[in-house]
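Asks: Structure below; questions to follow.
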Amino acid sequence: MSRKEKYIELTGTEIFTLQQGAKCHPKPEFREKCRGLLLNEAGVTIKQIATHLSVNHNTVGNWIMAWEEWGITGLYRKTGQGRVPILNINSSEHIKALAKAVEGDAQNVKIIQAELIQALSTPMSADTVKRFLKKIIIPGGVSAVAPTRRKIS
């Protein structure tokens, strides 16, 4: 037994907003949801949308329900979804461990990585350490430019 097909009705402003989201939003997941809703509004069935976008038909149904309940904000990914970061810039324990590791050898990521693994008992890659170091560096705080010498007259 199949369900009655569900179609949303959008205002001109909502259509424009979804078109802009489908074209210009930085997140591909959000763009895909906007395209799916626009197709549904145009009369394309949920199963056809799912096939076209290579997603499950239940997923498309969830997008429609989220749109109806919360509007455009329902299309954003909820907080708490995704992978938890291994190193967090808000953790004082991670900052202290990094400071101690960098104190020993600031130029060798492999040594810093080994010291962080030992201090935090958490496996991590060298790329994770590099990304964490990039987040920690404060613009204007540490400069890679050598100071200029004043000319004595």
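Asks: Filter region 52-68 for residues that are surrounded by fewer than 13 Cβ atoms within 10 Å (Cβ to Cβ) and over 20 Å from THR11 (Cα atoms) and give the result.
Replies: SER54, ASN56, ASN58
Asks: Scanning region 99-153 for residues that are surrounded by fewer than 10 Cβ atoms within 10 Å (Cβ to Cβ) and small (Gly, Ala, Ser), which turns out modelled with the highest pLDDT?
Replies: SER121
To keep it simple, each residue is scored yes or no on (1) within 19 Å of GLY21 (Cα to Cα); (2) of a type in the set (D, E, K, R).
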| position | (1), (2) |
| --- | --- |
| THR51 | no, no |
| HIS57 | no, no |
| VAL60 | yes, no |
| GLU69 | yes, yes |
| LEU75 | yes, no |
| LYS78 | yes, yes |
| ILE89 | no, no |
| HIS94 | no, no |
| ALA99 | no, no |
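Asks: To continue, here is another question. Filtering region 74-98 down to residues that are of a type outside the set (A, V, I, L, M, F, W, C) and loosely packed, with under 10 Cβ neighbours inside 10 Å, which residue is farthest from GLU32 (Cα to Cα)?
Replies: The residue in question is SER92.
Asks: Can you name every one of the helices (runs of 4 or more DSSP H) wholly within region 7-119 that holds 1 or more residues which are in contact with an Asp or Glu (Cβ under 9 Å, 6 or more places away or on another chain) and among the acidic types (Asp, Glu)?
Replies: Output list reads 12-24, 28-41.
The values are calculated or read from the model by the stated rules, or taken from the named source; none is laboratory data. Quantities reported herein were computed from a predicted structural model and do not represent experimental measurements. Please note: Cβ atoms are built from the backbone with ideal geometry, for glycine as well, and neighbour counts cover all protein chains shown.
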